[in-house]
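In what follows, a single structure is set out as structure tokens and then discussed.
The values are calculated or read from the model by the stated rules, or taken from the named source; none is laboratory data. All values reported here derive from a predicted model rather than from experimental measurement. Please note: Cβ atoms are built from the backbone with ideal geometry, for glycine as well, and neighbour counts cover all protein chains shown. Heads up: the accessible areas ignore ligands, DNA and RNA and are worked out on the full protein's heavy atoms, side chains in. Shrake-Rupley method; radii C 1.70, N 1.55, O 1.52, S 1.80 Å.
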Amino acid sequence: MDKFLIKGPSTLKGEVLISGSKNAALPILASTLLFDKPVVIKNLPRVRDINTMLNLLKSLGSKIEFFDNRKKVRISKSKKPKYFASYSLLKTMRAGILVLGPLVSKCQKSITSFPGGCVLNGNSGRPINLHLNALEKIGMKYEIKKGYIYARSKGNLKGKSLKFPSISVGATQHLIMSSVLSDGKATTLKNCAIEPEVLDLTNFLKNAGANIKWIGKRTCQIIGVNSLNEISYSVMGDRIETGTFCVAATLTKGNLLIKGFDPKLIKTELDLLKKTGATIRLFKDQIHIKGPKKIKKISHIKTKEYGGFPTDCQPQFMVLMCKANGKSEITENIFKSRFMHAMELQRLGAKISIKNSKATIEGNTNFIGAEVMSSDLRASAALILAAIAAKGTSIVSRVYHCDRGYENIEKKLKKVGAKIRRVN
Ligand code: EPU
């Protein structure tokens, strides 16, 4: 198992090129199951979850050709599509569940394993009830046996109006893609997630001829079409990788030019970084950010659906709040117990107490290098940032979590001055 050996403290300076978004690419790749014609997807990040999704598509009969150092793929449908999505492929990646709806939509049947993925919600796990209940409403029947969802539909899935009882990124994406080829009247989805990655999916499908309209802030209307057209599409830049590097610059008194991402999409995060004293200049698809001499505290961050502060940047901001000049709080509203990184940050000297979904962070921490262990993808990013800011040597283990979602993180960090090395 690989580890990162990090010597700190370092000040990060230079240019970083942001990769394609994992969380936008995964649903787009799953939705290629809806196509009869070939699809070209560009700007794919070279991360483990994308490989897993491509292997899943291969196991379902898609033909995959790689170009441009695996950043571009051409996916063509096989003559004999399969409809069995195995546990071995879904156990490490929750987004694997997104093949279920497209398979039922195209083949009228599917046997799909329950998915795995990062453990973010303690004992509550990561349920898929919102996906299954909504798919049932548009005509999917299913039963669960031995960890698998046996699903089918009588003919095509059927347009219907439904409201999600709570907002879910994955369930919204799943229902949009499953409704694109539906029969009958329009599908109207209310209380949808409107994360940029959801909009990238609808953009992709619309460019391929799907009839999708946003008819209210959180209401999406889909009118089924008979088929989708051949398309070449470039995935948006990674919002969370961008946020991670913005925190890195702020944390280390750094000076980074972050390229390949539209800054308008992370206004909430950038406004908070300005409050800490960072100097930020915005350009088209670029952010120039300089960290302050002393990091001012942010009193309270509350994670929320898009528009609000993203849960996927919470661990990285917690590191910043540890270094800031006073006490602050984080309330985690999306995954109530997503605080596994807090325990490990304490090994580096942080003072954090957790009560239910609220973390209180003392501030004024001088991190000291130590051995720490990643528990999930964004936790691993947080630990790497803290180790770069820490005095002395740190070892961050279980970096396979990081490899699921950050492309070449150590190369990108090394290029801007971090002393980081992969060892095993
Ligand atoms: N939820 C349910 N039932 C469901 C689905 C979700 O109760 O059927 C709950 C979840 O347990 C959670 C909340 O609803 O408490 C929101 O979950 P959501 O469905 O929005 O999350 P997701 O689609 O599983 C995506 C990202 C996550 C990101 C969340 C929230 C992908 C592949 N994953 O997950 O990204 O944290 O949205 O923004 O897009 C990451 O990249 O590190 C990551 C975990």
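Tabulated data for the structure shown
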{"item": "Output for segment 386-415, where each listed residue is open to solvent by less than 10 Å² (accessible area, probe 1.4 Å) and more than 18 Å from V47 (Cα to Cα)", "result": "A386, A387, I388, A390, S394, V396"}
{"item": "Check on P115, crowded, with 20+ Cβ neighbours inside 10 Å, in a loop (DSSP other than H, G, I, E, B) and more than 10 Å from the ligand (Cβ to nearest atom)", "result": "no"}
{"item": "Residue list for segment 196-239, restricted to those being closer than 25 Å to F164 by Cα and in a helix (DSSP H, G or I)", "result": "P196, E197, V198, L199, D200, L201, T202, N203, F204, L205, K206, R239"}
{"item": "Identity of the residue in segment 128-185, open to solvent by less than 10 Å² (accessible area, probe 1.4 Å), among the hydroxyl-bearing types (S, T, Y) and within 16 Å of the ligand (Cβ to nearest atom), that ends up farthest from F35 (Cα to Cα)", "result": "T172"}
{"item": "Single match in G237, G291, G216, G277 (criterion: buried (at least 22 other Cβ atoms within 10 Å of the Cβ) and either in contact with a Phe, Trp or Tyr (Cβ under 9 Å, 6 or more places away or on another chain) or without any contact (Cβ under 8 Å) to a residue 40 or more places away in the chain (or both))", "result": "G237"}
{"item": "Any hit, segment 188-195, residues being within 13 Å of the ligand (Cβ to nearest atom), part of a loop (DSSP other than H, G, I, E, B) and at positive phi", "result": "yes"}
{"item": "Any chance A418 is open to solvent by less than 30 Å² (accessible area, probe 1.4 Å), of a type in the set (G, A, S) and over 21 Å from I289 (Cβ atoms)", "result": "no"}
{"item": "Residue tally, condition in contact with a strand residue (DSSP E or B) (Cβ under 9 Å, 6 or more places away or on another chain), buried (at least 16 other Cβ atoms within 10 Å of the Cβ) and in a loop (DSSP other than H, G, I, E, B), over segment 294-306", "result": "2"}
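Every residue, every condition in (1) in a strand (DSSP E or B); (2) within 16 Å of the ligand (Cβ to nearest atom), yes or no:
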site: K7; (1), (2): yes, no
site: T11; (1), (2): no, no
site: V16; (1), (2): yes, no
site: P27; (1), (2): no, yes
site: L33; (1), (2): no, no
site: L56; (1), (2): no, yes
site: R74; (1), (2): yes, no
